[in-house]
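Participant: The structure under discussion is supplied below as structure tokens; questions concerning it will follow.
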Ligand SMILES: Nc1ncnc2c1ncn2[C@@H]1O[C@H](COP(=O)(O)OP(=O)(O)OP(=O)(O)O)[C@@H](O)[C@H]1O
Ligand SMILES: [Mg+2]
């Protein structure tokens, strides 16, 4: 197989463009990497168009340079608290008694006929499950006998204006958007095992400005959400607590930080030189851990609330898989496990070859996940038919004819 895929992860702290080639079903060769600090992006959304498009452009140019390829089309990550999701069910009667692809398409179309406010648009329609005459867990309905077909979908929508801003920035960088992919769905592609998805698991990507969550049950996505909290809040707390400039607080957090105060001995110190001081200042590591612990505990408290609200809290025997830059914080998995009352592990991209020296970090799960999503796109998604007026897309964006064909093929036995 010789398929080239491109993803642009537009994060709050960095923009990462990757060019990859599939080597086999397990490994991916990274041919081009462009990592640039973000600008004009807060909590996952664009707040300064020219600054953000410049950052995206620089990242794309770097990836072009390292890969020696011109980038014209890419998958682009999407996050921010403006994203929301609903589960919707569609049904179709089977006039012939035997299900065909058109019956399935009718049921899916009905599932998408949910009322979506005019200022929102559909980003993903993901098939969660199919049942025939009340019998759940049907995988390939076409050809089966039955009277009533029902499909469950997970529909993810986003604020049109916010998505349009991102569209504009990516276009200004000279790239067509093949599709937007919600952050946690991309991350899940690289950090979850199939067994975890089947058992029931939550993936949680804690970045700089957002915490992205997706819940998988019986192999499918059942719930997604994006919280506007992340590692930047921890840095802010450290800056306030230790009276340091933000850039220094960021370094201190990464080099000396720990999420559990009681793991640190009371005699552990480090020295820093704050701006305006002419000598080093000694700081107790426990004090730093105390500040970080409070914020991390609060963050997982919010995550727990959200999981409970989703109603799937009893359905996650495989617990939570943590990723994103902030998951590199020592002790975070343990504190998460204590707050959530479930097993928690941390994960990062694996099975990569090529230009990987920077990518072996949890901060790049979404970036690498976009490439994986590109490969398996047709396995997850349903052609979007509903909400016509909510489907403003730029040229070339959305599911192309091939992916619709692939999707139709998947329905066949
Ligand atoms: N070793 C570390 N310890 C603690 N925090 C870390 C460490 N390494 C990175 N981080 C934090 O991770 C965050 C960046 O993570 P990431 O690169 O996943 O974010 P992003 O994708 O740019 O943002 P988002 O997805 O929220 O829009 C920053 O807040 C950074 O301080
Ligand atoms: Mg991110």
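Participant: Could you work out the relative contact order of segment 242-284, using alpha carbon pairs under 8 angstrom and six or more residues apart, expressed as a whole percent? Provide the component values of the computation, followed by the final result.
Facilitator: On the way: 29 pairs, mean separation 14.2, N = 43.
Relative contact order for segment 242-284 comes out at 33 percent.
Participant: OK, next. By its C-alpha gyration tensor, with a ≥ b ≥ c as the square roots of the eigenvalues, how is segment 67-109 shaped: rounded for a/c under 1.5, else prolate for a/b larger than b/c, else oblate? Please list the in-between numbers first.
Facilitator: Numbers: a/c = 7.10, a/b = 1.86, b/c = 3.82.
Verdict is oblate for segment 67-109.
Participant: Would you please report the Å³ per residue occupied by the convex hull of the alpha carbon atoms in the chain?
Facilitator: 140
Participant: Describe numerically, in nm with one decimal, the distance between label points set 7 Å from Cα along Cα→Cβ at residue 171 and at residue 70.
Facilitator: Modelled inter-label distance: 2.0 nm.
Participant: Can you figure out the FRET efficiency of residue 47 with residue 240, using R₀ = 22 Å and their beta-carbon distance, to the nearest 0.05? Before the final figure, lay out each step's value.
Facilitator: Working: r = 22 Å, r/R0 = 1.00.
Calculated transfer efficiency: 0.50.
Participant: Against the longest alpha carbon principal axis of the chain, how many degrees, from 0 to 90 and to the nearest 10, is the axis of helix 285-310 turned?
Facilitator: Orientation of helix 285-310: about 20 degrees from the principal axis.
Participant: Once a ≥ b ≥ c are taken as the square roots of the eigenvalues of the Cα gyration tensor of segment 157-277, is the result rounded (a/c under 1.5), prolate (a/b larger than b/c) or oblate (a/b not larger than b/c)? Don't skip to the answer; put the middle values down first.
Facilitator: Working: a/c = 3.13, a/b = 1.47, b/c = 2.12.
In terms of gyration-tensor shape, oblate.
Participant: As a check on your grasp of the helix formula, calculate [θ] at 222 nm for the chain: sum -39500 (n - 2.57) over DSSP H runs of n ≥ 4, divide by the residue count, round to the nearest 500. Working shown, then result.
Facilitator: On the way: 11 runs with 143 residues, N = 413.
Per the formula, -11000 deg cm²/dmol.
Participant: Determine the distance separating the Cα centre of segment 360-376 from the Cα centre of segment 300-336; give it in Å without decimals.
Facilitator: Centre-to-centre distance over Cα atoms comes out at 20 Å.
Participant: Now, a different point. What is the Cα coordinate range of segment 1-74 on the first, second and third principal axes, sorted by size from largest, in whole angstrom?
Facilitator: Principal extents (Cα only, largest first): 40, 23, 17 Å.
Participant: Sticking with this structure for a sec: Only Cα pairs under 8 Å and at least 6 apart count here; give the relative contact order of the chain as a rounded whole percent. Could the numbers behind the result be given before it?
Facilitator: Working: 968 pairs, mean separation 82.1, N = 413.
Reported as a whole number, the value is 20 percent.
Participant: Sticking with this one: Treat segment 143-184 as a sphere of radius equal to its Kirkwood radius over Cα pairs and apply Stokes-Einstein at 4 °C in a medium of 1.567 mPa s; give the translational diffusion coefficient in µm²/s, rounded to a whole number. Can you show the working numbers first?
Facilitator: On the way: Rh = 13.7 Å.
So the translational diffusion coefficient is about 94 µm²/s.
Participant: For helix 231-242, report the angle its Cα long axis makes with the longest principal axis of the Cα atoms of the chain; keep it between 0 and 90° and round to the nearest 10°.
Facilitator: 20
Participant: Where the Cα atoms of segment 263-367 are projected onto their three principal axes, how long is each span, largest first, in whole Å?
Facilitator: Largest first, segment 263-367 extends 54, 39, 24 Å along its Cα principal axes.
Participant: Which residue, 17, 224, 157, tops the fluctuation ranking in a GNM of the chain built on C-alpha contacts under 10 Å?
Facilitator: In this elastic network of the chain, the residue with the biggest mean-square fluctuation among 17, 224, 157 is 157.
Participant: More than 17 Å apart: what percent of Cα pairs in segment 237-286 qualify? Intermediate values should be presented prior to the final figure.
Facilitator: Values: 384 of 1225 pairs.
The answer is 31 percent, as a whole percent.
Participant: Could you list 290, 154, 145 in order of exposure, starting from the residue whose Cβ has the fewest other Cβ atoms within 10 Å?
Facilitator: 145, 290, 154
Participant: Here is a follow-up. Between residue 357 and residue 290, what is 0.36 nm times their sequence separation minus the Cα-Cα distance? Round to one decimal in nm. Write down the numbers at each step before the final one.
Facilitator: On the way: separation 67, 0.36 × 67 = 24.12 nm, distance 3.23 nm.
Result for the pair: 20.9 nm of gain on full extension.
Participant: Ranked highest first by the average count of other Cβ atoms within 10 Å around their residues, in what order do 248-261, 182-195, 267-280, 361-374 fall? Display every interim value, and only then the final one.
Facilitator: Working: 248-261: 19.4, 182-195: 24.4, 267-280: 10.5, 361-374: 26.7.
Most protected by this proxy first, the peptides run 361-374, 182-195, 248-261, 267-280.
Participant: Given a 10 angstrom Cα cut-off, can you work out which residue in 281, 132, 234 is the most mobile in a GNM of the chain?
Facilitator: 281
Participant: Right, another one. What Kirkwood hydrodynamic radius do you get for segment 199-343 when you take the inverse of the mean 1/r over all pairs of distinct Cα atoms, in Å? Intermediate results must be reported in sequence, preceding the final value.
Facilitator: Numbers: mean 1/r = 0.0625 Å⁻¹.
Final number for the Kirkwood radius of segment 199-343 is 16.0 Å.
Participant: Given bins 5 angstrom wide, list per bin the percent of all Cα-Cα distances in segment 169-227, short to long.
Facilitator: 4, 18, 24, 18, 15, 11, 5, 4, 0
Participant: Can I ask one more? Taking 45 Å as R0, compute the FRET efficiency from the Cβ-Cβ separation of residue 247 and residue 375 and round it to 0.05.
Facilitator: Details: r = 38 Å, r/R0 = 0.84.
That gives a FRET efficiency of 0.75.
Participant: Let me ask another. For an R0 of 35 angstrom, estimate the FRET efficiency from the Cβ-Cβ distance between residue 218 and residue 161 and round to the nearest 0.05.
Facilitator: On the way: r = 35 Å, r/R0 = 1.00.
According to the calculation, E is roughly 0.50.
Participant: Can you say what percent of the DSSP beta bridges in the chain, counting only those with both residues inside, are antiparallel? Round to 5.
Facilitator: On the way: 59 of 77 bridges.
Just about 75 percent of them are antiparallel.
Participant: Going by Cα centres, segment 81-112 and segment 5-26 are how many Å apart?
Facilitator: Spelled out, the Cα-based centre of one part sits 32 Å from the other.
Participant: With 10 angstrom as the radius, rank 345, 309 by how many other C-beta atoms surround their C-beta, starting from the fewest.
Facilitator: Numbers: 345 17, 309 11.
The order, fewest Cβ neighbours first, is 309, 345.
Participant: Segment 134-175 to segment 200-278: how many Å between their Cα centroids?
Facilitator: About 32 Å separates the Cα centre of segment 134-175 from the one of segment 200-278.
Participant: If you don't mind, there's one more thing I want to ask. Find the all-direction average of the projected area of the Cα convex hull for segment 1-128, expressing the result in square nanometres with one decimal place.
Facilitator: Values: hull surface 45.3 nm².
For segment 1-128, the mean projected area of the Cα convex hull comes to 11.3 nm².
Participant: Just to check, using Stokes-Einstein with a Kirkwood Rh over alpha carbon pairs, what's the diffusion coefficient of segment 274-327 at 25 °C and 0.890 mPa s in µm²/s?
Facilitator: Values: Rh = 14.5 Å.
Estimated diffusion coefficient is 169 µm²/s.
Participant: Follow-up question, since we're still on this one. Full extension from residue 302 to residue 100: what is 0.36 nm times the residue separation minus their Cα-Cα distance, to one decimal in nm?
Facilitator: Details: separation 202, 0.36 × 202 = 72.72 nm, distance 4.41 nm.
My answer for the length gained is 68.3 nm.
All of the numbers you see were taken from the coordinates with simple rules; none came from a lab. All values derive from a computational prediction rather than experimental measurement. For neighbour counting, all protein chains shown are included, and Cβ atoms are generated from backbone atoms with ideal geometry for every residue, glycine included.
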